[in-house]
1. Calculate the dipole size of segment B:46-121 relative to its Cα centre from +1 charges on Lys and Arg beta carbons and -1 charges on Asp and Glu beta carbons; express the result in debye to the nearest 20.
2. Place a label point 7 angstrom from the Cα of A:GLU38 along the Cα-to-Cβ direction, then list the residues of segment A:45-79 whose backbone nitrogen is under 18 Å away.
3. Rg and Dmax of segment B:12-58, using alpha carbons, in Å: what are they?
4. Per-residue Cβ counts within 10 Å, from other chains only, averaged over C:252-260: what number is that?
5. Dividing the convex hull volume of the alpha carbon atoms of the protein assembly as shown by its residue count, what do you get in Å³ per residue?
6. Please report, ordered by residue number, every helix of chain B (full DSSP H runs) that is 24 Å or longer along its axis going by C-alpha atoms and whose mean Kyte-Doolittle hydropathy reaches -0.5.
7. Using 1/(1 + (r/R0)^6) with R0 = 35 angstrom and r between the beta carbons of B:LYS23 and A:ASP196, what's the FRET efficiency to the nearest 0.05?
8. Check which residues have an amide H placed less than 5 Å from B:VAL141's amide H, if you skip close sequence neighbours.
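Every read-out reported here was derived from the displayed coordinates using simple, explicitly stated rules and does not represent laboratory data. The structure presented is a predicted model; accordingly, all values stated were derived computationally and were not measured. Neighbour counts run over all protein chains shown; Cβ positions are idealised from the backbone, glycine included.
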Amino acid sequence: MAVADSTDRGPSQRYVRGAARMKQIAGEDALATVEALEDIAPDLGRFVVEFAYGDVHARPGLDVRQRQLVTIGALAAAGDTAPQLRFHIGAALHVGLDAAQVVEALIHLVPFTGFPRTLNALAAARTVFEERGVRVEPVEVEPGGDRYARGEDKLREVDGEHGIEVIESLNDVAPDLGRYIVEFAFGDVYSRPGLDLRQRQLVTLGGLIALGDTAPQQKVHFNAALRVGLSPRQVIETVIQAVPYTGFPRALNAVGVVREVFKERGIRPA
Amino acid sequence: MAVADSTDRGPSQRYVRGAARMKQIAGEDALATVEALEDIAPDLGRFVVEFAYGDVHARPGLDVRQRQLVTIGALAAAGDTAPQLRFHIGAALHVGLDAAQVVEALIHLVPFTGFPRTLNALAAARTVFEERGVRVEPVEVEPGGDRYARGEDKLREVDGEHGIEVIESLNDVAPDLGRYIVEFAFGDVYSRPGLDLRQRQLVTLGGLIALGDTAPQQKVHFNAALRVGLSPRQVIETVIQAVPYTGFPRALNAVGVVREVFKERGIRPA
Amino acid sequence: MAVADSTDRGPSQRYVRGAARMKQIAGEDALATVEALEDIAPDLGRFVVEFAYGDVHARPGLDVRQRQLVTIGALAAAGDTAPQLRFHIGAALHVGLDAAQVVEALIHLVPFTGFPRTLNALAAARTVFEERGVRVEPVEVEPGGDRYARGEDKLREVDGEHGIEVIESLNDVAPDLGRYIVEFAFGDVYSRPGLDLRQRQLVTLGGLIALGDTAPQQKVHFNAALRVGLSPRQVIETVIQAVPYTGFPRALNAVGVVREVFKERGIRPA
């Protein structure tokens, strides 16, 4: 245990690191929401700075853009998080994701969370774009083609045999559900440009962790994250990045899934 | 796999079918929310039309009213879905459910989701009723009577022995919780007029799928759905109808429960 | 089964008891939200009074302040419950919790639900405080010290060996996650003044039950609740108190966990 690390490391160092990180991702006004807590819950504001940013966000392993993708996935999936989404979508733009990529991250969530979470998060995004005078150049994909074949290729690329097994396991009871996963989730959504597969898996994992009751899907998508090139360490960082937005129980359950995935792949985390 | 079905079926056919379905359930302005996405996420609007309506809502097996009951159950249970609830409550009225039935569907959810989700969904319903000048003739049931006996009869009618087992299993630790399920969930709520038992099971299943972490309750209520006369195919359609509102993970978990229920009942889905 | 109890106990007795309870916790205007349902869902209003208050809230075993802590925990964790939070935060003040304790209960939830649920609930609390002209004397804790050592002591006090095992089980895959639980959840949050450990466990359990998909964490924290001095009966009352805010499925799953905990501890509930 990194006990020595935590002792005598004064909170002010954590606070300084957290405040710097907040300004890095959200500009000079980044602490406004924290300062607004001064009157009734100053320590809560301090915990945001120290823990969510000083401890978690400032960690190595994932860069700021990657952390924003995980965060936006988790917040959008959780629902009832409009103020936090506005902050973190603003931060995503600030660290260099463009507006179309933010929109793309929200579209990417549809197969995992359904349309309502995406539509509501998009309303938050629109507010941010308007406030900042950001013009979106929307990604438009030519519809059609052989959606099933395209989806099957993409599914194999992302999930390997795990994904195919999920689809085939549906043939006895609900084959059309399997077909929709191939055609819609993979042929339509996963095949879109705008975000690469690593970025898509960061959004996916943020969303699945926040949703809860998704262990089988997390298993598929932690595997997929490794498959498309995220490192074991980055996979763990994804779980840690979700903590401030979903709490420890969701993260602990996700770690249980990660452990299983690592064991099956013979991965020993450093 | 219905691969042939999906190949060469141009998206425009799916779009046309979806747009027609939307107008069927929500009138000539049905695509307004989709068109409002044109500026920043046009493909998301297209996915709503093609997938949520062209693929899913337009499926046979459940009629439009039944699909609206599943949808309203899923949306109300998910929370943070007021704009979508307003659309789908409006659609429910448009396809011939009356306002009192919509209210009844929301009251029916209380035992499954608690009062807050119902109260918030009712606020959305009230907005729709007012905008449309719809007068609700509220269903008022004479209170009292032997609530336990009434509830036990209803529980047996809906859930058969599965339900009684759930209640009896509580006797060791929390017998009053079992009593409340009998008296309140079944004696008060399930015994109300306004919706028949098939309709109530559609709302129940929509709600349980959206909630997540409800596999044991889904097992009871998929069985109940079959018991009160929904066909195996309709049960599967309920799960598929929930996808656009809850995403695939919740639906996949529900299919796992359906599979178990079918196996125990010796049902082989076509 | 307490069948005799439920027969011939007219609903009007339950209504009278519920209305009295509502006025006890929320003052003379307590039924305003119920009365606002008269036009479209009068029976829903009746169910609130009879079931949520007459049956559940008026039960013995937990006092009114304890019930408000469970309720606030459940509502804040569920999300999309601002109107209900305003009512129940107002009620918490009415029954003698002070504003700083309400804030403390919301801060206590951060490790379980993440910051967004707490921040949104705090916005509801702020509205209530302003409407009532309540001045908060915020609890401010001197930051720093040996957070890990403090957290480890607190963890042992709250969770006994169960908690330590959870932390140690993370060493293989995500040791920093374990460290954050010790330092932040226990060293920072659980160690704060304002609420005692029994009160903190009531908030924790309300939150975990509402979240769903938290069985392992519920197991730790039902044990912790007993360890810090809540009785087996009070633990069960916590689950029952959550029902009106989370529905029966979440409560039934929690009872399954309670049963396991009781068995391991050799507790036979009366």
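1. Charge dipole, segment B:46-121, about its Cα centre: 60 debye, nearest 20.
2. A:45-50
3. 9.6, 27
4. Rounded to a whole number, the mean comes out at 4.
5. Spelled out: Cα convex hull of the protein assembly as shown, divided by residues, is 144 Å³.
6. What comes out of the filter, once short or polar helices are dropped, is B:115-132, B:248-265.
7. 0.40
8. Counting only residues 5 or more places away or on other chains, the set is empty.
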